[in-house]
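The structure appears right after this line, and notes come after that.
The values are calculated or read from the model by the stated rules, or taken from the named source; none is laboratory data. Every value quoted in this text rests on a predicted model; they were computed, and no experiment measured them. Here the Cβ is made from the backbone with ideal geometry for all residues, glycine too, and neighbour counts use every protein chain on show. Side chains included, ligands, DNA and RNA excluded: accessible areas come from the protein's heavy atoms. Shrake-Rupley method; radii C 1.70, N 1.55, O 1.52, S 1.80 Å.
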Amino acid sequence: MAEELLKIEHLTKRFDDNTVLDDISFTVHKGEVIVVVGPSGCGKSTMLRCINALEPIQGGKITINGDEIVYGSKNLSSLRQRIGMVFQSYDLFPHLNVLDNILLAPTKAQKRKKDEVTKEAMELLKRVGLEDKAKSYPRQLSGGQKQRVAIVRALCMHPEMMLFDEVTAALDPEMVREVLDVMLGLAKRGMTMIIVTHEMQFAKAIADRVLFLENGKIIEDADPDTFFENPKTERAKQFLNIFSFERSKENEEI
Ligand code: ADP
Ligand code: MG
């Protein structure tokens, strides 16, 4: 087994008296792709936000390569640079073109040379099929293109791992594929990732492990074949049934 990269031990997160993450523990190894699924409101986004220190936690410990991630600590910005995150909304700066959006953090926060980062940014844009959009502004791009730019922007920081929170959920169906393909490409290159998604076929294809969350607890932690073909819990079976029902409905409509 590859070395441990991210370790989450007994993570507890509350909003007032609402316990949203309840004693969560799991380890992500280098190069591993973890897919997190579960019903709306079960704590998926909150978990990713805790990993990226966007939320204070009430119990437990999160470490990346042995360094503890502590909300509000002084070295937080350097720690956060080690974990790239892409959300459902692309949050690109509207007044900056694509290239300048990508260059901002590496040149300002990491103080890297503009030439060097530009070269890398152009290579990454090419990899995601957007080399001709470097000078375009976000408003001139489709949702799928913006999301690919957001991924490139995160990659340009050289993160040790990436977190994806329902990055295709706001996209028109024809744009979903192009974003999922970028993530599949990253997996092939060995990027360590935690992906929250409702795209079950994609989840099955990309995951090394699937975590099923309910009410802030991990109730299944399995390889994708076991999870999708033979889930242990009734709750996961019900959850998966909803998706296969939706799929068969789609097929009927075609
Ligand atoms: P998911 O991403 O799985 O849909 P979330 O992590 O967004 O779930 O939310 C989990 C629970 O935490 C929900 O009950 C939600 O209402 C609550 N929650 C999320 N963010 C906040 C917040 N900033 N303040 C209070 N409650 C929150
Ligand atoms: Mg969410």
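What longest range of the chain stays clear of loop-exposed trypsin sites (Lys or Arg not before Pro) (DSSP non-H/G/I/E/B, at most 14 other C-beta within 10 angstrom)? It runs 1-73. Sites listed here are chymotrypsin sites (Phe, Trp or Tyr not before Pro) in region 70-148 whose DSSP assignment is loop and whose Cβ has at most 15 other Cβ atoms within 10 Å: Tyr71. Taking Lys and Arg as +1 and Asp and Glu as -1, the other residues whose beta-carbon sits under 14 Å from that of Ala2 total -2.
Here the Karplus relation 6.51 cos²θ - 1.76 cosθ + 1.60, evaluated at θ = phi - 60°, turns the backbone of region 207-219 into coupling constants of 6, 8, 9, 10, 10, 10, 9, 9, 6, x, 10, 7, 9 Hz, with x for every Gly and Pro.
Sequence gap at least 6, Cα distance under 8 Å: using those rules, report the relative contact order of region 45-162 to the nearest whole percent.
The value is 31 percent.
Protein heavy-atom surface of region 127-254, 1.4 angstrom probe: 46% of the accessible area is carbon and sulfur, with nucleic acids and ligands not counted. Per residue, the solvent-accessible area of region 171-249 (1.4 Å probe, heavy atoms of protein chains only, all protein chains present) comes to 51 Å².
If a/c stays under 1.5 just call it rounded; otherwise compare a/b with b/c (prolate if a/b is bigger, oblate if not). Do that for region 50-123, with a ≥ b ≥ c from the square roots of the Cα gyration tensor eigenvalues. Judged from the Cα gyration tensor, region 50-123 comes out prolate (a/c at least 1.5, a/b above b/c). Normalised by 2.2 N^0.38 Å, where N is the number of residues, the C-alpha radius of gyration of the chain stands at 1.02. Here the contact order of the chain, divided by its residue count and restricted to Cα pairs under 8 Å and six or more residues apart, works out to 25 percent.
Accessible surface calculations at 1.4 Å, restricted to protein heavy atoms, place region 1-138 at 51 Å² per residue.
Summarising the amide proton neighbourhood of Asn52: residues at separation of 5 or more, or on other chains, whose placed amide H is nearer than 5 Å comprise an empty set. A straight Cα-to-Cα reach below 17 Å connects Lys237 with the aspartates and glutamates Glu199, Glu214, Glu220, Asp221, Asp223, Asp225, Glu229, Glu246, residues fewer than 8 places away in its own chain not being considered. Take the alpha carbon gyration tensor of region 103-254, find the square roots of its eigenvalues, order them as a ≥ b ≥ c, and report rounded if a/c is under 1.5; if not, report prolate when a/b exceeds b/c, else oblate. Prolate, because a/c is 1.5 or more and a/b exceeds b/c.
Taking a straight Cα-Cα cut-off under 13 Å and skipping sequence neighbours fewer than 8 places away in the same chain, the aspartates and glutamates within cross-link reach of Lys13 are Asp22, Asp23, Glu55.
The helix-only estimate of mean residue ellipticity at 222 nm for the chain, built from DSSP H runs of length n ≥ 4 each weighted as -39500 (n - 2.57), is -12000 deg cm²/dmol after division by the residue total.
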